[in-house]
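One structure below.
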Amino acid sequence: MKLQKRIFRNIESLEKELIDQIKISINDDIKENDKSIILLSGGNTPINLYKKLSLEKELLWDKVYVGLVDERFVKNNSNYRNDKLIKENLLINFAKNANFISLIYDETSIKKSLEIALEKNNIFFARKSLVLLGMGEDYHTASLFPFDFNSKKGLSIDSKSTIIKTETKSYPNTRISHTFSSLVNTNRLFLYITGNSKLNCITKSENSSMNVNNPISCFIHNNSKLIEVFWTK
């Protein structure tokens, strides 16, 4: 099992420590490789984290490449888009000079969009500085969902794919997601969650075996990369 749980008394202390760890990861890779490659999650939980991170003026943002762990296949102006969230909450202030690469390039065709995304996101398929995951109460992470055929393939440790189409019952139904093998190919793997129900999901996943219908369990029980869980109520 590759899991480390870090419990915080409040969101402020959690986000302060997580930002410190993100900064360390970015700075270390810039010193070693002259660039830092990071994949971030959407959703409501990390919004304030991203706003705070954008104020870190000492980071060399022009050497940071920002991508998404997943995206919802909807129109460009939709509030469901993760890239919209990143642009409005992270790529501001000092972080406006970061290099952002999206996952959607053709809103009319998921097939075409995937083809272009595979080419445009090539930099994220090598080892990354950090990956920041979230998790739903159905145990999904990124857009790797329980009982979805493509998600099962994407969770396989033998999968050679990097970005795939997935489906979920909740709207928006069609998603684009990095696979398990792509997400664990990173120096640091963070999971940021809040609330007792999500902590219970982690505990149950710890006490069970790896199961593709419990996507987060595949990360918890993987043998290649420690997943660092940051949790508060």
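The values are calculated or read from the model by the stated rules, or taken from the named source; none is laboratory data. Given the structure is predicted, the values throughout are model-derived calculations rather than measurements. Glycine gets a Cβ as well: all are built from the backbone with ideal geometry, and neighbour counts include every protein chain shown. Ligands, DNA and RNA are stripped out before the accessible areas are found, and what is left, the full protein with its side chains, is counted by its heavy atoms. Shrake-Rupley method; radii C 1.70, N 1.55, O 1.52, S 1.80 Å.
The figures follow:
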item: Positions within region 64-91 being open to solvent by 10 Å² or more (accessible area, probe 1.4 Å) and among the hydrophobic types (A, V, I, L, M, F, W, C), in sequence order; result: 73, 74, 85, 91
item: Residue selected from region 92-127 under the condition of a type in the set (Asp, Glu) and open to solvent by 50 Å² or more (accessible area, probe 1.4 Å), by the criterion nearest to residue 188 (Cα to Cα); result: 119
item: Segments classed as helices (runs of 4 or more DSSP H), wholly inside region 1-120, with at least 1 members that are closer than 20 Å to residue 230 by Cβ; result: 11-33, 47-53, 82-89
item: Condition check for residue 146: in a loop (DSSP other than H, G, I, E, B), open to solvent by less than 20 Å² (accessible area, probe 1.4 Å) and touching a strand residue (DSSP E or B) at 6+ places or on another chain (Cβ under 9 Å); result: no
item: Which numbered condition residue 2 misses (of (1) open to solvent by less than 20 Å² (accessible area, probe 1.4 Å); (2) touching a Lys or Arg at 6+ places or on another chain (Cβ under 7 Å)); result: (1)
item: Selection count where residues are touching an Asp or Glu at 6+ places or on another chain (Cβ under 9 Å) and open to solvent by less than 30 Å² (accessible area, probe 1.4 Å), scope region 27-37; result: 2
item: Any hit, region 38-57, residues being open to solvent by less than 50 Å² (accessible area, probe 1.4 Å) and among the aromatic types (Phe, Trp, Tyr); result: yes
